[in-house]
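Novice: My structure is below; once you've seen it, I'll send some questions.
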Ligand code: 6CS
């Protein structure tokens, strides 16, 4: 039989490379076939999530940036400067975190989803029309964010006018000046040619892009123990593969952007320049607790504990 798996990016982007490895592992170790649906083939992120919940798709990759309405606690990934910047520490965190591996699966299960993995996709940069070096530079900037209330709060705290939009509207929005900025990892800025419609990239170090892969829960619960292990093993193999794949990816992507558009302004903010953005974090964290109550606080506290363990 054929298992359908949709994701939010192209086949050659990070989610696509992960999905291809997952497919390869499943097909090498069973008679099941995995059919992959990249971005644009079945609609926006919200559409593929609906299809996965309805059981039309067996697997879906949806980033917490879009899952906030369904699972408010997933917005924890948008508390600025929470995740570590070093890739080894990030890997350890995702591998061993109790919040990720025990607490989030319960929340996804309530939405009919079996959470298989969460993994990082790369440091997020601000990508704007005009250079940004301080919060004042974001004044009057309509900044596109993923559709997630906490991300709106972050960019308010950073000094911008946040504008939540699905991905499909971002290129056109920048081109027609409806928005003047967006944030994403460098590989994505490069592969989707965002540099064509923007003029500046700012490294603020405020986040790493997190994504999540899940299965329809009814489908997963109906698998035999052996098949469940097959899915878990394929997920683990794809997780290790994608961390390895990302080594040096941001640097390569930045070099390609510079080559395609030499006049692009690249600002890697100093610690001093980052300080006012860091100061905004406490306010965003408080908003997160306000939005999610006890359940969110428990996840955040556990994450902080897991982060401590991963960065020691
Ligand atoms: O910003 C977004 O909406 C998109 N960013 C990435 C890195 N992946 C998919 C997502 O749709």
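Values in this text are rule-based calculations from the coordinates and carry no lab data. These numbers come from a predicted model, not from an experiment. Here the Cβ positions follow ideal geometry from the backbone for every residue, glycine too, while neighbour counts run over all protein chains shown.
Novice: What is the helix-to-structure angle for 87-96, meaning the angle in degrees between its Cα long axis and the longest Cα principal axis of the chain, kept from 0 to 90 and rounded to the nearest 10?
Specialist: Result, in degrees: 40.
Novice: If we count other beta carbons within 10 Å of each Cβ, what is the order of 257, 266, fewest first? Don't skip to the answer; put the middle values down first.
Specialist: Working: 257 20, 266 13.
So the ranking, lowest neighbour count to highest, is 266, 257.
Novice: Moving to a separate point now. Dividing the convex hull volume of the Cα atoms of the chain by its residue count, what figure in Å³ per residue is obtained?
Specialist: On the way: hull volume 37.8 nm³, N = 312.
Given the Cα convex hull of the chain, per-residue volume reads 121 Å³.
Novice: By DSSP, what percent of the beta bridges with both residues in the chain are antiparallel, rounded to the nearest 5? It would help to have the intermediate numbers written out before the result.
Specialist: Details: 21 of 38 bridges.
Around 55 percent antiparallel, to the nearest 5.
Novice: Given a cut-off of under 8 Å on Cα pairs at least six residues apart, what relative contact order in percent is computed for region 1-76?
Specialist: Values: 104 pairs, mean separation 27.5, N = 76.
Normalised by residue count, the contact order of region 1-76 is 36 percent.
Novice: Sticking with this structure for a sec: As a check on your grasp of the helix formula, calculate [θ] at 222 nm for the chain: sum -39500 (n - 2.57) over DSSP H runs of n ≥ 4, divide by the residue count, round to the nearest 500.
Specialist: Working: 13 runs with 145 residues, N = 312.
Helix-only estimate at 222 nm: -14000 deg cm²/dmol.
Novice: Neighbouring Cβ atoms within 10 Å as the yardstick, rank 104, 59 fewest first. Don't skip to the end; give the middle numbers.
Specialist: Details: 104 24, 59 29.
Fewest-to-most ranking of 104, 59: 104, 59.
Novice: For the pair residue 33 and residue 265, what calculated FRET efficiency results from E = 1/(1 + (r/R0)^6), where r is the Cβ-Cβ distance and R0 = 41 Å, to the nearest 0.05? Each step should come with its number before you reach the end.
Specialist: Values: r = 47 Å, r/R0 = 1.14.
Efficiency, from the Cβ-Cβ distance: 0.30.
Novice: Averaging sequence separations of C-alpha pairs under 8 Å and six or more residues apart, then dividing by the length of the chain, give the relative contact order as a whole percent.
Specialist: On the way: 563 pairs, mean separation 82.2, N = 312.
It rounds to 26 percent for the chain.
Novice: By how many degrees, between 0 and 90 and to the nearest 10, does the Cα long axis of helix 249-260 differ from the longest principal axis of the chain?
Specialist: Taking the Cα atoms of the chain, the angle to 249-260 is about 50 degrees.
Novice: Taking the highest mean first, how do the peptides 144-152, 110-118 order by number of other beta carbon atoms within 10 angstrom per residue? List each step's numbers first, then the result.
Specialist: Numbers: 144-152: 22.6, 110-118: 19.8.
Ranking, from highest mean packing down: 144-152, 110-118.
Novice: A further question follows. Multiply the residue separation of residue 171 and residue 309 by 0.36 nm, subtract the distance between their alpha-carbon atoms, and state the gained length in nm to one decimal.
Specialist: Values: separation 138, 0.36 × 138 = 49.68 nm, distance 3.94 nm.
Working it through step by step, the gained length comes to 45.7 nm.
Novice: Here's a follow-up. With a 10 Å radius around each residue's Cβ, average the other Cβ atoms per peptide and rank 126-132, 208-214, highest first. Can you show the working numbers first?
Specialist: Working: 126-132: 21.3, 208-214: 23.0.
Those peptides, ordered most packed to least, come out 208-214, 126-132.
Novice: Here is a follow-up. Please rank 171, 81, fewest neighbouring Cβ atoms within 10 Å first, as an exposure proxy.
Specialist: Details: 171 15, 81 19.
Ranked by crowding around the Cβ, least crowded first: 171, 81.
Novice: Using only the alpha-carbon atoms, what does region 127-228 span along each of its principal axes? Please give whole angstrom values in decreasing order.
Specialist: 56, 28, 23
Novice: A follow-up question, please. Whole angstrom only: what separates the Cα centroid of region 191-263 from the Cα centroid of region 84-130?
Specialist: 11
Novice: On C-alpha positions alone, give me the angle between the axis of helix 225-245 and the longest principal axis of the chain, in degrees, nearest 10.
Specialist: The angle comes out near 30 degrees.
Novice: While we're here: Just want to confirm a number: the relative contact order over region 151-285, from Cα pairs under 8 angstrom separated by 6+ residues, in percent.
Specialist: Details: 77 pairs, mean separation 55.2, N = 135.
The normalised contact order for region 151-285 reaches 41 percent.
Novice: Once you've got the GNM for the chain with C-alpha springs shorter than 10 Å, pick whichever of 233, 31, 268 has the biggest mean-square fluctuation.
Specialist: 31
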